[in-house]
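One structure is given here, and the rest of the page talks about it.
Only the coordinates and a few stated rules stand behind these numbers; no lab work does. None of these values were measured; they are calculated from a predicted model. A quick note on method: Cβ atoms are made from the backbone with ideal geometry, for glycine too, and the neighbour counts reach across all protein chains shown.
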Amino acid sequence: MTTRAQHSNTKPVVLAIAEGATSPNPGVVNAVAFSSTTLVFMRWSGSAWTTATGMTVESGVIKANGTAQVTGRLGIGATPSPAAPVHITDSGAAEVRLEKTGANAGTFRIYNDGFANIIGPGTAPNRRYSFYDQMGAGTANVASNPPFCNFADYDTGMFFPDNNDKVSLVTGGGERLRASNTGVNVYGTLTATGAVSDNSGQVYSPGNPPPFVSTMKYGVD
């Protein structure tokens, strides 16, 4: 293999690597060439230079035609030592976007601006989300900080008291309703806007209040 400087008709070649033959006119030559804004890889066919199918660098943008493979870790931004297979660093918001074009076009965004944000395709409030198999969120299964909550209201939402078939609804950091495989418990005042029936089929209404009327209200306060 020989290395030498050559020149194309359109771009100065700064490095040419001969494959196989080492005569002054090798059969195939790979080269790295550049213009004022573009770095390209070129090949010498024996009679002319052609741009190789692969990677170019244009005005600081790396473009890969075909398959680009990274062995090890890829750091984007100020990540001289990436700590994961893909490590993105940004002082504002480190973001990944997955964009679909054509039918059902939309962009799925995941970004970190001090909070973990996931934004589905579509336009608010009709964004599209699909979850296959199981979905988990958070490990702080406490009423004061439920894992499923409103972004602007962290102490209101849903949590799982334990791993024994229970789910609870929370408002203001307090548990209000707990459903389990044995029934439903309500914490606080239960207000019903219509008739309520018990598990024996007995229907209660304002004209026929249940025995526990002191803890149940009908109508709207």
Could you work out the local net charge near residue 127, counting Lys and Arg as +1, Asp and Glu as -1, over the other residues with Cβ closer than 14 Å to its Cβ?
+3
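Please give the FRET efficiency for residue 62 paired with residue 171, using the beta carbon to beta carbon distance and R0 = 45 Å, rounded to the nearest 0.05. Walk me through the numbers on the way to the answer.
Numbers: r = 50 Å, r/R0 = 1.12.
According to the calculation, E is roughly 0.35.
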Ordered by residue, what ³J(HN,Hα) values in Hz, to whole numbers, does the range 105-116 give under the Karplus form 6.51 cos²θ - 1.76 cosθ + 1.60, where θ = phi - 60° and Gly and Pro are x?
4, x, 10, 9, 10, 10, 8, 10, 10, x, 10, 7
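Could you please tell me the mean projected area of the C-alpha convex hull for the range 74-119, averaged over all directions and given in square nanometres to one decimal?
On the way: hull surface 15.8 nm².
Across all orientations, the range 74-119 yields a mean hull projection of 3.9 nm².
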Along Cα→Cβ, 7 Å out, is where each label goes; now give me the distance between the ones at residue 48 and residue 86 in nm to one decimal.
3.9 nm
Once you sort the root eigenvalues of the Cα gyration tensor of the range 69-169 as a ≥ b ≥ c, which label holds: rounded (a/c under 1.5), prolate (a/b larger than b/c) or oblate (the other case)?
prolate
Using 0.36 nm times the number of residues separating residue 98 and residue 38, minus their current alpha carbon distance, what extension gain do you get?
18.9 nm
